[in-house]
Structure formats: structure tokens, C-alpha cells
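Shown next, in C-alpha cells, is the structure this report addresses.
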Amino acid sequence: MSDPAVRILYIDDDVAMARLVQRKLERRGYAVECAKDGREGLSRLEQGGITVVGLDHEMPGATGLDILPALLSRDNAPPVVYVTGAGDTRVAVAALKAGADDYVPKEAGEGFFDLLAAAIEQALEKAHLRRERERAEREVRAARDRAELLLREVNHRVANSLALVGAFIQMQKSGLSDPEARAALGETQARIIAIAGIHRSLYTSDDVRSVRIDVYLETLLAGMHTAIASRHPDSFIVVADAVSVPTDKAVSLAVIVTELVTNACKYAYPDGRTGSIRVRAKAADGNLLVSVEDDGVGFSREDAPRGTGLGTRIVQAMATSLGARLNYDRRHAGTWVTLTMPLQPL
């Protein structure tokens, strides 16, 4: 016996056939109601409580294919079993493409009712599986949203903590008179600002998996004015494509750009010289090319490191972690350093 909670609405203008279907299916344990056309069927659906619909094709005024879209457009629409003329496979295929769960060719004899009952059971099972899949997808989306919200909160807290550390360093720097000590703290502060900026961009972004490099570089260069205000050049210029970089790689890239810009600020324009520092980023041939350029006194990779050499070691270590190449372009005045790193699909 079938579940008596299953209520079938059978739509057919042939009243005698509809009553016969009703008797045959009720003997199998179903509750069955009949409607003589699409309008009456839609009106009954408005009242709710229908589990599955049987829909005949041949009806005056409007065929089942005309009614089917209205049936399926409703919220929580019940599955539909389409009833066609014998051998009319083109209509059956059209009904399935339009969203019917199954079809049954209408024939004389007990076999038709057996097929109809089997199609109803199959449609109910498909509907159950569909609802379970949708429920699982909703749960996955909800879990993902909770995780992203949590991750944004973590990034928010990390950014705030790093900003606090940067503020402490600024206070410490303000109390020092030794220029070298102040410069060292300023560089440390710039590195912290670079990493804090990544976390800040993540908690304000819709995608916590990646960082838009053009937006980030603008923010980074603006922030570096504060950390190295006594030595910044006439202008910072950022020209960057709208490229998204995975978060872990964006951190290493931020540190590299910070070190290269800091070095340019320290060494490019000595003795009162003036000029700009340009940061460019563009995607080409599956790679991201990021360059830091100035028109100052110039620097070659073969030159001995100036200062402690810590910045150079940091740049090389970060570039290695990215699987990137560093190129020092000697065709131009000043120092032009380009990092080429592979872009991976997000």
C-alpha cells in the first residue's frame, strides 16, 4: 500500500477517464482529486496539500504543455507526471524538457494504471532527492557563510592588532634621537603596515580567498607615506591591472613591494634630488609582473648591499616562496626591479 498522505491531483478533461484513474489509484492507497482543465487544476493547487500532479496532454483550449510552465513556476511546486497519447514520444520529450519528472503513454488496459502508479512513485522519489540535495546545498552555503564571517572577523582582529603594534613602534621611534635606530624602526613599521593592509583588505572584501592587487597597492603606497614621511619622494605612482592574487601570495608580494619601495625612498634620490617612485602590476601570459621603478642614482644587483642588507635578504626569501623571478633592468636610468610570478587560478 502507498502512503495515504500522498495526495494526487489528476488533470484531464475526460471525466470518465479521470474518475477511473481516481478509483484505480485510491485502491493502491493514494488520495486522489480530479480537475477537468488547467484553470481548475491551478486553482486547486492554490489551496495547497497536493503532493504530485498527473497532467494529461490533450485538453481543449490549452494542452498540458501550455499548463505545465504555470504548474512548475509556483513555489514548492509538486512533481508532475505527464500523460501523453500512445506513441507520441515528441510530446513526451517536450514535457520532460519543460520540467515534468516523468511521462506515461495513455493506453487502454490495466497496464496504464500500473505505469502511472510507478511513475508517481518515481516522481516522488526524485522530488525527495531533489529536496534533500537543496537542503544539503543550503547547509553548505550557510556553513560557508559562517566560516567567511568568522574569517573576516579574524582578519579584522589581526589588522587591528598589527595596527596597534605599528603605533607602538611609532611611539618608540618618536622617542629616539639616533637616525639609524629611527630608520630601522621605520622600516619595521612599514613591513607591519604592509601585512596589516592585507588583512584589512580581506575583512572589507566579499572574497576572503584573494586580494585585488590594484586596490591594495594604492592603499599600501598611501600608508607608506606615514611610515617613511621624512624620506618619501615627490610622488608615488601606481599603475596596476585589476588582478586578484591568492591571500597567502599577496602577503609575500606586499612585503617585497614594501622593501623595494623603502629602498628606493632611502637611496634613489640622495642629496636633495627629486623624483618619483612608480609601482606597476600587470598580468601577461599567465604571469603577474610587478615592478618598482625610480629615476634616481641607480643600483645593480651586483652592488654591495647598502645598510644591513636585511631588506635584500627579505626580498629574495619572499620571491623564492612565490616561485618568482627578480630582474634588475639596466636599460633605464635609476633602478627598475621587476618580479615575475605565476598566476594560479583561484
So T89, is it under 16 Å from L115 (Cβ atoms), open to solvent by less than 10 Å² (accessible area, probe 1.4 Å) and modelled with pLDDT under 90: no
Qualifying residues in region 25-39 (those that are more than 16 Å from F112 (Cβ to Cβ) and part of a loop (DSSP other than H, G, I, E, B)) - the one least open to solvent (accessible area, probe 1.4 Å): G29
Test for V104: is it assigned by the TED database to the domain that holds D13 and in a helix (DSSP H, G or I): no
Y10, sole failed condition from (1) within 19 Å of D101 (Cα to Cα); (2) without any contact (Cβ under 8 Å) to a residue 12 or more places away in the chain: (2)
Filter result (farther than 19 Å from T84 by Cα and part of a helix (DSSP H, G or I)) within region 40-74: E40, L42, S43, R44, L45, E46
Given (1) more than 19 Å from D214 (Cα to Cα); (2) among the hydrophobic types (A, V, I, L, M, F, W, C); (3) modelled with pLDDT of 85 or more, index of the condition L260 fails: (1)
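The values are calculated or read from the model by the stated rules, or taken from the named source; none is laboratory data. None of these values were measured; they are calculated from a predicted model. As a convention, Cβ positions derive from the backbone with ideal geometry for all residues, glycine included, and neighbour counts pool all protein chains shown. SASA here: full protein model, heavy atoms, side chains in, ligands and nucleic acids out. Shrake-Rupley method; radii C 1.70, N 1.55, O 1.52, S 1.80 Å.
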